[in-house]
1. Once amide H atoms are built 1.01 Å from N in the peptide plane, which residues 5 or more positions from HIS59, or in another chain, come under 5 Å H to H?
2. Can you give me the long-range amide H partners of ALA75? Hydrogens built in the peptide plane at 1.01 Å from N, cutoff under 5 Å, separation of 5 or more residues or another chain.
3. How many Lys pairs in the chain lie less than 24 angstrom apart by Cα atoms, where the lysines are 8 or more positions apart or on different chains?
4. May I ask you to list the trypsin sites (Lys or Arg not before Pro) in the stretch 1-105 that are in a DSSP loop and have at most 13 other Cβ atoms within 10 Å of their Cβ?
5. In deg cm²/dmol, rounded to 500, what helix-only [θ] at 222 nm does the chain give when every DSSP H run of at least 4 residues adds -39500 (n - 2.57) and the total is split over its residues?
6. Counting only DSSP beta bridges with both residues in the stretch 15-99, tell me the antiparallel percent, nearest 5.
7. Dimensions of the stretch 63-130 along principal axes (Cα, Å, largest first)?
8. Would you work out if the stretch 80-169 is rounded, prolate or oblate? Take a ≥ b ≥ c from the square roots of the eigenvalues of the alpha-carbon gyration tensor; rounded if a/c is under 1.5, else prolate when a/b is larger than b/c, oblate otherwise.
Amino acid sequence: MTIVDAAFLRTMPLPEPGGGGKEERGRVLVVAGSREVPGAALLAGTAALRVGAGKLQFHTAASIAVPLAFAMPEAMVVGLPETEAGSPGPEAADRIAEAARRCSAVLVGPGLVNDDATAELVGLLLARVEGCPLVLDAAAMMRLPEHRDALRSRQGCAIVTPHAGEMAGLLGIDKDEVEADPPAIARRVADTFGVIVILKGACTFIATPDGQDVTCDHGNAGLGTSGSGDTLAGLLVGLLGRGASPFQAACWGVFLHGEAGHRLAAAHGPLGFLAREIPGEIPKILADLATGRDADGP
């Protein structure tokens, strides 16, 4: 299986802005956050901007919209009607879909409540959001079988990001079965649902509906920390926003996330660095890769 490393990434360089400013690097929409988990949206949005997206818009639960706007003044923040659980409800689907028509990429999921209302919201968005790639993370991907036809119709323009436990939950199988053969499970889901699968772990496997299979073992133990997945999801939508293809975004996002973990481990120790620190490493990593400096070791 092909290994995603710095040399591999240089065979598929990211689109570079031609001087047109932030509009040229895309507008990304992040549908994230709930009353109990407001920080997930902040982590994802910060990562999206750090990886080079030009403009950022949040759609989030109304009760956390103002604090989020103060925490991230770089973003436009829209408060949505929320459920009793404090998460954006399905009645917000039309408003989100309208905003998505003006965006280059959309992320749905970080910090949303995993319940029937979120599943309904995701189904409505899959039906109504057209013309841009989607990243489904956390609660947004946990009812995947219910959305099979809608996902397959997107023809590989959606990315899902489960770890082994989430993958087991969405397929209704034991976690041990996922861990016994992660590449086969990732391939099965990519084929069945027509999505790009990032099966996260110490060694991450990426599979696409058109048969591309790659792996990246560039992570470390310190990345197994609260909020780390939210930052990866943000990197993915930011890369899509600046013009990367879904497969390209998957490969670059996973590697950048892993390399940030290595640099933080070198600076702070192998454990104990925070997810909020990951995005700050990304611009320097991108610059090093662009200049040919190796970024493959701890």
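1. Those qualifying (amide H under 5 Å, at least 5 residues apart or on another chain) are VAL30, VAL31, ALA32, VAL78.
2. Here nothing satisfies the definition.
3. For the chain, the number of qualifying lysine pairs is 5.
4. Counting only loop positions with at most 13 other Cβ atoms within 10 Å, the trypsin sites (Lys or Arg not before Pro) in the stretch 1-105 are ARG10, ARG101, ARG102.
5. Using -39500 (n - 2.57) per qualifying helix, the result is -13000 deg cm²/dmol.
6. 10
7. On the principal axes, the stretch 63-130 reaches 32, 30, 17 Å in Cα extent.
8. Oblate shape, in that a/c is at least 1.5 and b/c is the bigger or equal ratio.
Bear in mind these aren't lab numbers, they're just calculated from the coordinates by the rules spelled out. Every value quoted in this text rests on a predicted model; they were computed, and no experiment measured them. Note that each Cβ is placed from the backbone with ideal geometry, even for glycine, and that neighbours are counted across all protein chains shown.
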